[in-house]
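Below is one structure, written out as structure tokens, with a few remarks after it.
The values are calculated or read from the model by the stated rules, or taken from the named source; none is laboratory data. Model, not experiment: these values are computed from the prediction. A quick note on method: Cβ atoms are made from the backbone with ideal geometry, for glycine too, and the neighbour counts reach across all protein chains shown. In case anyone asks, the SASA skips ligands and DNA or RNA and just uses the protein heavy atoms, side chains included. Shrake-Rupley method; radii C 1.70, N 1.55, O 1.52, S 1.80 Å.
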Amino acid sequence: MAAATRGCRPWGSLLGLLGLVSAAAAAWDLTSLHCHFGTFCECDFQPDFQGLECDLAQHLAGQHLAKALVVKALKAFVQDPAPTKPLVLSLHGWTGTGKSYVSSLLAHYLFRGGLRSPHVHHFSPIIHFPHASHMERYKKDLKSWVQGNLTACSRSLFLFDEMDKLAPGLIEVLLPFLGSSWVVFGTNYRKAIFIFISNTGGEQINQVALEAWRGRRDREEIRLQELEPVISQAVLDNPHHGFWRSGIMEERLLDVLVPFLPLQRHHVRHCVLNELAQLGLEPREEVLQAVLESTTFFPEEEQLFSSNGCKTVASRIAFVL
């Protein structure tokens, strides 16, 4: 099922990749015609796990847990001819650690059209749900959008960004779509994928990573079992998170909590080298050092983790050059 033309290859900057989200909406009207009159819906879902694993290995710095968990969950789900429920992933971690980057890679390597596919739906609270006073309308619209698109094509991907900025109450309308029922509102929805992204739990993940470092444990020794309970509790305790009292956590509808660890100096260096390669530039030590010296690290005493992860690497390189 792999699509050879989408194999592991150099990418543009992360900002450029995420910029395709807006283009996806513009492509909807044209490509949706294929869903009604052809077989584009099935053909557009063309997983390329070899390309995904290659890209994650080359470009995602310092995230052994995220790489393993995401690939394992996706493979098991896609290879199951009759899943009993949709795949529901929740990505958690500090800013700039790769959450949005991974979600973009998933769209690219699961759908032929990538982020431009009419079956990849990206939601941002600031763009799509900005006014708390309009919550009832948002609920109705979101429910109709999910239901309608799953009716058109069961192989759909729904991305919900910045869940920690989403007004509580909205996501509860997704509850019937995430469980183990066979049919909801006459729609077969079991092959859908839902991904929720937030910074909630980032501080707790950072603390576990810091304690591991202080205890002279290798970063790769950190396991999901150490992080899952503290992330879950952070979400349940946060009244500003979109899952607040939605029933999604309480009813255990999340298949995998995916933690993203804070990035250390050598991970930021890795990101700088990647960005230079994507720009077609040779690695230069003076550029590397300038970017690292302009990056803020914490805690104050250890200066161990990057405050912004790799999020500002591209802009810092542009400034240095």
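Here are the numbers:
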{"item": "Under 17 Å from the Glu172 label point (7 Å along Cα→beta-carbon), backbone N, the range 214-252", "result": "236-252"}
{"item": "Partner aspartates and glutamates for Lys165 [C-alpha distance under 18 Å; skip if fewer than 8 residues away on the same chain]", "result": "Glu136, Glu203, Asp237"}
{"item": "Förster-model FRET efficiency, 51 Å R0, His64 and Ser144, C-beta, rounded to 0.05", "result": "0.80"}
{"item": "Nearby lysines by direct alpha-carbon distance to Lys72 (threshold 24 angstrom, same-chain neighbours under 8 apart not counted)", "result": "Lys85, Lys99, Lys191"}
{"item": "Whole-percent carbon and sulfur share, accessible surface of the range 265-320, 1.4 Å", "result": "52 percent"}
{"item": "Ser232, Ser294, reordered so the largest accessible area comes first (probe 1.4 Å)", "result": "Ser294, Ser232"}
{"item": "Sites Leu281 and Gln79, calculated FRET efficiency, Cβ-Cβ separation with R0 56 Å, nearest 0.05", "result": "0.90"}
{"item": "Residue order for Ile317, Ile127 - accessible surface, 1.4 angstrom probe, largest first", "result": "Ile127, Ile317"}
{"item": "Length gained when the stretch Leu210-Gln46 is fully extended (0.36 nm per residue, less Cα-Cα span)", "result": "55.1 nm"}
{"item": "About the Cα centre, charge dipole magnitude for the range 49-260 (Lys/Arg +1, Asp/Glu -1 at Cβ), debye", "result": "560 debye"}
{"item": "Segment Glu203-Ala318, extension gain: residue separation times 0.36 nm, minus the distance between their alpha carbons", "result": "38.5 nm"}
{"item": "Heavy-atom accessible area ranking, 1.4 Å probe, most first, across Asp44, Asp218", "result": "Asp218, Asp44"}
{"item": "Partners for Lys140 among aspartates and glutamates (Cα-Cα distance below 17 Å; same-chain residues under 8 apart left out)", "result": "Glu172"}
{"item": "Shape of the range 182-289, Cα gyration tensor, a/c cut at 1.5", "result": "oblate"}
{"item": "Size of charge dipole - the range 265-320 - debye, nearest 20, with Cβ of Lys, Arg +1 and Asp, Glu -1, no other charges", "result": "220 debye"}
{"item": "Charge tally in the Cβ shell below 13 Å around Gln303, where Lys, Arg are +1 and Asp, Glu are -1, Gln303 excluded", "result": "-3"}
